[in-house]
Amino acid sequence: MDIESQNSPQFFSWDSLPEQLKSILPLRHSYLIKNFNVLSPFQTTENFEIPQFELDAFVDIDDKEKAREWFLSFESKSKTTMPESRRYEIKGKKVLFREKRHCIHSKLVKEKQGNRELKRPQSSRLRNTNCAATIHLRLELCNIELSHPLEVNLRFTHNHVVNSAESLSFRRVNGEIRGKFLELFKDGHSPASAMYDYEDALYLSATDEQELLVLLADRATDPDYDYIAKLFHKYREMALGDRNGTSMFKRLEEVVNDYNNSGHGKAILQEYDSRTGKAFILCVVTNLMNRVHERVLQSGELCYMDASASFEPLNTSITLLYTSCMVGALPLGLFITSDESEITLEKA
């Protein structure tokens, strides 16, 4: 179905759009289509046919923020990622918003990156396919009073399967998904446990197997572990600061106070200070440990120690104190220290 109007654009609600446009254009908008030209499909080496077309249209959007939201919805619905080709200087006198973007599989991405070293040179995944797909958005002040001010020039001429697992693996992580991982980190998750928890939720949210496969393949909805780990490190630096820094101990002090107020037990903290030679010590006695002290008589006479280390980057030592009785070993206390010297253990 080709649409070409020399006199005036044709009005389309989303429901009345051609099927090819319905699959990529955001909902809850109407469109004035000036030109819709269906091109010959592109044939891949695997004999897949990729639909191609050109679209010149106007959208019922009169605000630059809404224009950005429309574009993000377009990326999400079309399963494409289109970074900016060039940035225009907007003074706001004639043009309120203007962006020209290209497919992430375009050679322009490689040209902008220059001779940057590849992270995985042996990988068979190919991002640069010389894709020619582009989109140009323009919102002019002279059109702002019209019903459909935002001009869209789309060249949907991809030379790769847009929704293949390989193409989807290059997409940018959705901002909402990024926020979900930050919330998981705040709840105490590590990168690995956050990923497992999030993917469990994906499995439960999918309505069928096909939807689940797309969700898991799409990096926008299911980030790779490298991204999650880097996001965690950024979050930790932002929330805790440097290791052994003031921010980290302030946060730990808050956790200790919350634990003491929770009624689950008692904890006491000594901050690490390399200048004064003060060791880091964190002692914890849970309610169970308290009951062992009160009710097991030999806890005051018989005590065993079990120390372990190398659990995390700071290499703190974790020492468990316990006693024995007829049922086996029972815990008496736990302390975490920055070293295992005699002075530190005595103070703990």
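The values are calculated or read from the model by the stated rules, or taken from the named source; none is laboratory data. Not measured: the values here are computed from a predicted model. For neighbour counting, all protein chains shown are included, and Cβ atoms are generated from backbone atoms with ideal geometry for every residue, glycine included.
Restricting attention to the range 283-294, which residues are assigned to a helix (DSSP H, G or I) and buried (at least 18 other Cβ atoms within 10 Å of the Cβ)? Across the range 283-294, the qualifying residues are Met289, Val292. Whether a residue is farther than 13 Å from Leu345 by Cβ, surrounded by fewer than 12 Cβ atoms within 10 Å (Cβ to Cβ) and among the hydrophobic types (A, V, I, L, M, F, W, C) was assessed, and Leu297 passes this test. When Gln270 is tested against the conditions (1) in contact with a strand residue (DSSP E or B) (Cβ under 8 Å, 6 or more places away or on another chain); (2) free of Cβ contacts under 8 Å to residues at least 40 places away in the same chain, the lone failure is (2). In the set Ile343, Ile281, only one residue is outside the structural domain of Gly188 (by TED's automatic domain parsing), on the phi < 0 side of the Ramachandran plot, modelled with pLDDT under 80 and out of contact with any Gly (no Cβ under 7 Å at 6 or more places or on another chain); that residue is Ile343.
I need the full set of residues from the range 78-97 which are in a strand (DSSP E or B) and buried (at least 19 other Cβ atoms within 10 Å of the Cβ), in order please.
Matches in the range 78-97: Leu96, Phe97.
Listed by first and then second residue, the pairs linking a residue in the range 79-95 that is in the same structural domain as Ala132 (by TED's automatic domain parsing) and under 17 Å from Glu151 (Cβ atoms) to a residue that is in a strand (DSSP E or B) and aromatic (Phe, Trp, Tyr), with Cβ atoms under 8 Å apart and 6 or more places separating them unless they lie on different chains, are Ile90/Phe97. Taking the criterion of being β-branched (Val, Ile, Thr) and within 30 Å of Lys66 (Cβ to Cβ), the residues of the range 25-49 that qualify are Ile33, Val38.
When Ser205, Ser247 are checked against the criterion of being at negative phi, in contact with a Gly (Cβ under 6 Å, 6 or more places away or on another chain) and not aromatic (Phe, Trp, Tyr), a single residue qualifies: Ser247.
Of the residues making up the range 53-98, just one is more than 16 Å from Ser30 (Cβ to Cβ), under 19 Å from the mean Cα position of the chain (by Cα) and among the small types (Gly, Ala, Ser), namely Ser76.
Test Lys250 against the stated conditions and say whether it is surrounded by 12 or more Cβ atoms within 10 Å (Cβ to Cβ), part of a helix (DSSP H, G or I) and in the same structural domain as Ile336 (by TED's automatic domain parsing). For Lys250, the condition - surrounded by 12 or more Cβ atoms within 10 Å (Cβ to Cβ), part of a helix (DSSP H, G or I) and in the same structural domain as Ile336 (by TED's automatic domain parsing) - is met. Please specify each residue of the range 263-282 satisfying the condition of being under 20 Å from Leu332 (Cβ atoms) and either of a type in the set (Val, Ile, Thr) or part of a helix (DSSP H, G or I) (or both). Result: Ile268, Ile281. Scanning the range 142-176 for residues that are outside any loop (DSSP other than H, G, I, E, B), surrounded by fewer than 15 Cβ atoms within 10 Å (Cβ to Cβ) and more than 28 Å from the chain's Cα centre (by Cα) yields a count of 1.
Of all residues in the range 40-57, exactly one satisfies the criterion of being over 18 Å from Cys103 (Cα atoms) and either at pLDDT 95 or above or aliphatic (A, V, I, L, M) (or both), namely Ala57.
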